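The values are calculated or read from the model by the stated rules, or taken from the named source; none is laboratory data. None of the values given here were measured: they were computed from a predicted structure. Positions of Cβ are generated from backbone atoms using ideal geometry, with glycine treated the same way; all protein chains shown enter the neighbour counts.
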Amino acid sequence: MKRLLFLAAIISILCLTTAHAAHVQFPEGAKGCLGLGRVYDIAYSPDGTWLAVAGEAGIGLYDARTGVIIHLLTGTGLTGRVYSVSFSPDGTTLASAGSGSTIRLWDAPTGKTRTILTGHTGRVYSVSFSPDGSTLASASSDSTVRLWDTHTGKTRTILTGHTGRVYSVSFSPDGSTLASRSGDSTIRLWDTRTGKTKTTLRDEDGFISMSFSPDGSTLASGTSYIFSGELAGVVLLWDVNTGQLKAPPLYGSYVFSVSFSPDGSTLAVGGDNINLRDVNTGQFKAAPPGGTHYVFSIYFSPDGSTLAWVDSDYTVRFWDVNTGQFKICKWHTGRVTSVSFSPDGTTLASGSDDKIIKLWDVNTGQLKATLKGHKKYGVSSVSFSPDGTTLASGGDNVLLWDVNTGQLKTTLRHGDNGDYVSSVSFSPDGSILASGGYYTVQLWDMNTGQPRAMLEGYKSSVRSISFSPDGSTLASGSDNVKLWDMNTGQLKATLRHGDYGNYVRSVSFSPDGRTLASGGYKTVKLWDVNTGQLKATLTGYIFSVTSVSFSPDGSTLASGSDGNTIRLWDVNTGQLKAILKGHEGGVRSVSFSPDGSILASGSNDKTILLWNVSTVPTSYLGDFDGDLNVDFADFLVFVGVFGVSSSDANYDARMDMNGDGIINFSDFLIFTSVFGTKYS
């Protein structure tokens, strides 16, 4: 079978304008991404040109002025969420730490990994560069602070003394002092030359945040506590030299984060709202209006013109200090369950477990609209009407939206009790909408908004529905595949996908209507629609297939799976053409653009990837040396990397045939199945 030599396709990005596409650099396997899931930290480069955003799905490096993504740092170098990012003083290196015990140093201009720092025995919560860039400090749940030589990647010093997890570290501007904040209710000030504790600051309620003033003379700390049954907070200003308080405590509301402005005149305090305090007088200054979310972390841009923060709905917000204008980077915070292109290809709709639908401009990558209306369940499915004016979404019932205004037009109640709707699909002429739910398919008259018919006879919920191109047949996926005659409402055929039941998760007609693809438990099946006979079974999966979609010319079938990958199949031969890797979670939905140039994929990692499949080079499964034969020479290449995992430098994704991140016996079985194949 055909196989791609691991992804070299150019992936477009929803948040990237086409004018900048040629300048974007991404790790191999993930050329672009819309959203990073929940966001935990942000950091400006020293010159203010870049903004690093750390989230669940990796790190995004953005042009701080335009919001255009420059790099996506994800994949084999990251293990889970990224909690902290820090730029080196010259802006060429980015350090990141997350849910693992390692620290990764990235080359910022190229987005490539420079080195991995190992030594901590617990989660690393925070990283910070020294002012001269020669040292990196890290804070860990193992109760230690480590100082690393950034040139060699070796540990210089281990600072011990804290009796609880260390959550944050920060260098003074002159580099002589390092502050570390711990769960033991202390902040320690360390002499970076000797590694000795200079001062220990204590607060019985514990410290939640800290920040050095630009001149290094003051350390601000934020503390929260309960007073008379209410949450309250206090900001303390400490003299770094003496360890004594410099000013009376600044009492107020709950405190999560503190940060000095670059000129040192203003202290930003984030909690249940944002307060700006005059450092000299302690008086409040004009601040962004309060919102409905807690402010977890807050930062000034290097020139002081912008205040940026991450709030409790994991959104990045920007406030122009001079004009008072807001900008918001809002991505999905739940699994992306469905993606669908508008008929003209200019808009992509995405639905998510976060109960939100987003409409994106495909050409500019800008968010056009956010649709909120689902209350009980997340959004399971989105589908455009053939004229592009209406978007249907499934979840709790069916909601119909006006695409131009973003307003909710009507709600269609599926079933007697308003059942969960797992799939929605318009007929080709737009006169009928089908919704699949709990043991039934409901047909709706789009002219009247009234139910037309109820299709029953299922043994489990209907997970997917699809109209044939001529509108004469409706396919539904449930315990098996059912084909319905749309003229009579009668069942035409039942196609048995497999022996496991309840595993048909997606169905899709080919553009000519002759073939139906069904995705289920570890397989994709291609059916002859006229005869109901099985034409081909596409295998090689180790996880369930969640979504199938034909290219507009019918030559390629895309399938997404719980195994985090997308496979492209040659429909005529049944051969594998490519495996697209880049998602960090199961792929829930795949959809081709109307012109077939782009494949969109939505994932459990809360991101959307856009793939330019027209540039995917053709290669072959098992043919590692490129001679069009799978032979002993390829076997020698394979055994040379046997046992290697995705975190190793010599990992080669071509040999990781099942995409599970390790080259092992499972891959060897796949290799042996094609051994001896001649592709010439």
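Select from region 526-560 the residues that are within 16 Å of residue 592 (Cα to Cα), in contact with a strand residue (DSSP E or B) (Cβ under 6 Å, 6 or more places away or on another chain) and hydroxyl-bearing (Ser, Thr, Tyr) and list them in ascending order.
546, 547, 549, 551, 556, 559
Name every residue in region 447-477 that is buried (at least 20 other Cβ atoms within 10 Å of the Cβ) and touching a residue at least 40 places away in the same chain (Cβ under 8 Å), in order of residue number.
Result: 462, 463, 464, 465, 466, 467, 468, 473, 474, 475, 476, 477.
Could you count how many residues in region 340-381 are under 20 Å from residue 595 (Cβ atoms), crowded, with 20+ Cβ neighbours inside 10 Å and touching a Leu at 6+ places or on another chain (Cβ under 6 Å)?
6
Residue 582 fails exactly one of the following numbered conditions: (1) under 15 Å from the mean Cα position of the chain (by Cα); (2) within 20 Å of residue 381 (Cα to Cα); (3) among the small types (Gly, Ala, Ser). What is the number of that condition?
(2)
For region 94-123, which residues satisfy the criterion of being among the aliphatic types (A, V, I, L, M) and over 21 Å from the mean Cα position of the chain (by Cα)? Lay out the reasoning, then the answer.
Filtering region 94-123 down to residues among the aliphatic types (A, V, I, L, M) leaves 94-95, 97, 103, 105, 108, 116-117.
Those that are among the aliphatic types (A, V, I, L, M) and over 21 Å from the mean Cα position of the chain (by Cα): 116, 117.
May I ask you to list the residues in region 399-453 that are under 32 Å from the mean Cα position of the chain (by Cα), of a type in the set (Asp, Glu) and farther than 14 Å from residue 373 by Cβ?
Within region 399-453, 419 is the sole residue that qualifies.
Anything in region 144-181 that is free of Cβ contacts under 8 Å to residues at least 40 places away in the same chain and not in a loop (DSSP other than H, G, I, E, B)? List them, or say none.
The answer is 146, 149, 155, 156, 157, 158, 159.
Does residue 439 meet the test of being at negative phi, modelled with pLDDT under 90 and outside any strand (DSSP E or B)? Lay out the reasoning, then the answer.
Working: at negative phi: no; modelled with pLDDT under 90: yes; outside any strand (DSSP E or B): yes.
Against the criterion (at negative phi, modelled with pLDDT under 90 and outside any strand (DSSP E or B)), residue 439 does not qualify.
Can you find a residue in region 252-261 that is assigned to a strand (DSSP E or B), β-branched (Val, Ile, Thr) and at pLDDT 90 or above?
From region 252-261, those assigned to a strand (DSSP E or B) are 252, 255-260; that's our starting set.
From what is left, the residues that are β-branched (Val, Ile, Thr) are 255, 258.
Within this subset, residues satisfying the condition of being at pLDDT 90 or above are 258.
Looking through region 252-261, at least one residue is assigned to a strand (DSSP E or B), β-branched (Val, Ile, Thr) and at pLDDT 90 or above.
I need the full set of residues from region 112-130 which are touching a residue at least 60 places away in the same chain (Cβ under 8 Å) and of a type in the set (Lys, Arg), in order please.
112, the sole residue that qualifies.
So which strands (runs of 3 or more DSSP E) are wholly in region 476-549 and hold at least 2 residues that are assigned by TED's automatic domain parsing to the domain that holds residue 578, at pLDDT 90 or above and of a type in the set (Ser, Thr, Tyr)?
Correct list: 506-509, 515-519.
Can you find a residue in region 274-286 that is surrounded by 18 or more Cβ atoms within 10 Å (Cβ to Cβ), on the phi < 0 side of the Ramachandran plot, part of a strand (DSSP E or B) and aromatic (Phe, Trp, Tyr)?
Checked region 274-286: no residue is surrounded by 18 or more Cβ atoms within 10 Å (Cβ to Cβ), on the phi < 0 side of the Ramachandran plot, part of a strand (DSSP E or B) and aromatic (Phe, Trp, Tyr).
Confirm whether residue 108 is touching a residue at least 24 places away in the same chain (Cβ under 8 Å), in the same structural domain as residue 181 (by TED's automatic domain parsing) and within 19 Å of residue 164 (Cβ to Cβ).
Numbers: touching a residue at least 24 places away in the same chain (Cβ under 8 Å): yes; in the same structural domain as residue 181 (by TED's automatic domain parsing): yes; within 19 Å of residue 164 (Cβ to Cβ): no.
Against the criterion (touching a residue at least 24 places away in the same chain (Cβ under 8 Å), in the same structural domain as residue 181 (by TED's automatic domain parsing) and within 19 Å of residue 164 (Cβ to Cβ)), residue 108 does not qualify.
Do we find a residue being polar (S, T, N, Q) and either farther than 22 Å from residue 245 by Cβ or touching a helix residue (DSSP H, G or I) at 6+ places or on another chain (Cβ under 9 Å) (or both) anywhere in region 178-192?
Yes: one or more hits.
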